[in-house]
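Data first, discussion second: the structure below is written as structure tokens.
Laboratory data are not the source of any read-out in this text; all were calculated from the coordinates shown. Everything numeric here is computed off the predicted structure, so don't read it as measured data. Neighbour counts run over all protein chains shown; Cβ positions are idealised from the backbone, glycine included.
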Protein chains: 2
Amino acid sequence: MSETTPSSAPRPDEQAVARFVERFALDLTQGGFPRMAARVFVRVLVSEDGACTAAELAESLGVSAAAVSGAVRYLIRVGLLVREREPGSRRDHYRVRDDMWYEAFARRDEQLGGWEETLRQGVAALGVGTRAGSRLDETRRFFEFLRVELPKLMDRWRAQRDGHGAAPEADSADSP
Amino acid sequence: MSETTPSSAPRPDEQAVARFVERFALDLTQGGFPRMAARVFVRVLVSEDGACTAAELAESLGVSAAAVSGAVRYLIRVGLLVREREPGSRRDHYRVRDDMWYEAFARRDEQLGGWEETLRQGVAALGVGTRAGSRLDETRRFFEFLRVELPKLMDRWRAQRDGHGAAPEADSADSP
DNA sequence: CAGTTTTTTCACAAATTTGTGAATAAGATG
DNA sequence: CATCTTATTCACAAATTTGTGAAAAAACTG
């Protein structure tokens, strides 16, 4: 008898896929994702075209249309999905962005900027001469560092992912 | 008991500090922190020595000892606080780590590793030949990229913070 | 613009999280 | 060892979040 799992054939075991959807969604939840948003996102991720309709999502996840609506609104806002409507169709399609992780980190930068502003007020309240004040200012500088460096990191990711030539190692990581 | 603030030190406006504590804690909450953990953490952050007792935290935040206990357990687990007990005292002190952000990101790496493993299973379930499978594998490679690069980024932060005013690249924006 | 189909909104119920008070355990001191 | 102090645990109440069904709104078709 041949092996029961032709892993290179395009025949996905729907049950295994469903298990994966739930598990990865749970992982993302630990990372701060709203639960339903995580499940919807992973469902789109495992769809063959990388896009689903709301009806498909509601059906395959066994949830209401309202839940899907709320989840996609969140996912679009954080940049992980885009809405598409093909002319001649009434159904929206929700598609994962090709540079979804880049987008997700870009939003993070806005958040970091806000935190920096809060920290500036904290430094002022405590006084720059105090130990607490300088500790707070170091925290602010850390966030500033991230805000500057994360976009560069994402650029390097794009470069590595697109120019998949033949230099997987020995990169000094210092050329914009 | 007779430990008073040095007269030459600036005077922190306690009300402004309290406002900052609540605001920054709220910011951190948006980023996925449990609420009470965020408030406790910021309280320690703004303390002059960078350490507080549970009683001090409960008092200044107006919450129960139980809430503090739960919050510090979380904060210690994610590496943002360390517990200290001075010999001869019964009180624990909770101190912010000097490399707290480094630690926080280090834990993130463990999480990323787990996600990669989940994604491997997803690739197997979908088949490497499918579009969904390769999309999933690209996601896995992205997390792998982060897991490798984030520690390097943190090393660069440490270097910049420890006073390397002259960066290898003309990149610095502020002067300490 | 009437007729469908699809998406969104909203009040409410279910489920989860969060914080408290009281009891218990752990630890130091005389 | 008795006693005091501090930290943790636990059951429960309060608050927040999450998901649903039904109704309304939006969008495309003919």
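Just need the relative contact order of chain B here, percent rounded to a whole number, with Cα pairs under 8 Å and 6+ apart.
Answer for chain B is 13 percent.
Using only Cα atoms, tell me the angle between helix B:65-77 and the longest principal axis of chain B; keep it within 0 to 90° and round to the nearest 10.
Its long axis makes an angle of about 40 degrees.
Which FRET efficiency, nearest 0.05, do A:Arg120 and A:Arg77 yield, Cβ-Cβ r, R0 22 Å?
0.25
Quick one: putting +1 on the C-beta of Lys and Arg, -1 on the C-beta of Asp and Glu, what dipole do you get for the protein assembly as shown around its Cα centre, in Debye to the nearest 20?
Here the size comes out at about 940 debye.
Run the numbers for A:Asp109 and A:Glu138: contour at 0.36 nm per residue of separation, minus the present Cα-Cα distance, in nm.
That works out to 8.7 nm of additional length.
Across peptide A:120-132, how many C-beta atoms of other chains are within 10 Å of each residue C-beta, on average?
Partner Cβ neighbours, averaged per residue: 5.
As I understand it, the value is the acute angle between the Cα axis of helix B:14-30 and the longest principal axis of the Cα atoms of chain B; what does it come to in degrees, rounded to 10?
Helix B:14-30 and the main axis of chain B meet at about 10 degrees.
Go ahead and run the numbers for FRET between A:Thr53 and B:Glu84, Cβ-Cβ distance against an R0 of 45 Å, rounding to 0.05.
E(calc), rounded to 0.05, equals 0.20.
Picking from A:Gln15, B:Met154, A:Ala66, whose Cα lies most toward the positive end of the charge dipole for the protein assembly as shown (charges on Cβ: Lys, Arg +1; Asp, Glu -1)?
Toward the positive end, the furthest listed residue is A:Ala66.
With just the Cα atoms defining each centre, how far is the stretch A:148-163 from the stretch B:98-129? Give it in Å.
Using only Cα atoms to place each centre, the spacing works out to 18 Å.
Looking only at GluC sites (Glu not before Pro) in DSSP loops with at most 12 other Cβ atoms within 10 Å, what is the longest site-free stretch of chain B?
Answer - B:4-168.
State the answer as a single residue: which of A:Thr130, A:Gln30, A:Val82 lies farthest towards the positive end of the charge dipole of chain A, with beta carbon charges of +1 for Lys and Arg and -1 for Asp and Glu, about the Cα centre.
Among A:Thr130, A:Gln30, A:Val82, the one farthest towards the positive end of the dipole of chain A is A:Thr130.
For peptide A:43-49, how many partner chain Cβ atoms fall within 10 Å of a residue's Cβ, on average?
If you average over the peptide's residues, the count of other-chain Cβ atoms is 4.
Given charges of +1 on the Cβ of Lys and Arg and -1 on the Cβ of Asp and Glu, with all other atoms neutral, how large is the dipole of chain A about its Cα centre, in debye to the nearest 20?
700 debye
Using just the helices of chain B, give the 222 nm mean residue ellipticity in deg cm²/dmol: DSSP H runs with n ≥ 4 each add -39,500 (n - 2.57), and the total is spread over all residues, rounded to 500.
-20500 deg cm²/dmol
Charges at C-beta only: +1 for Lys and Arg, -1 for Asp and Glu. How large is the resulting dipole of the stretch B:79-163 about its Cα centre, in Debye rounded to 20?
So the magnitude is around 180 debye.
Around A:Leu146, with a cut-off of 9 angstrom between Cβ atoms, what is the net charge of the other residues, counting Lys and Arg +1 and Asp and Glu -1?
My count for the surroundings of A:Leu146 gives -1.
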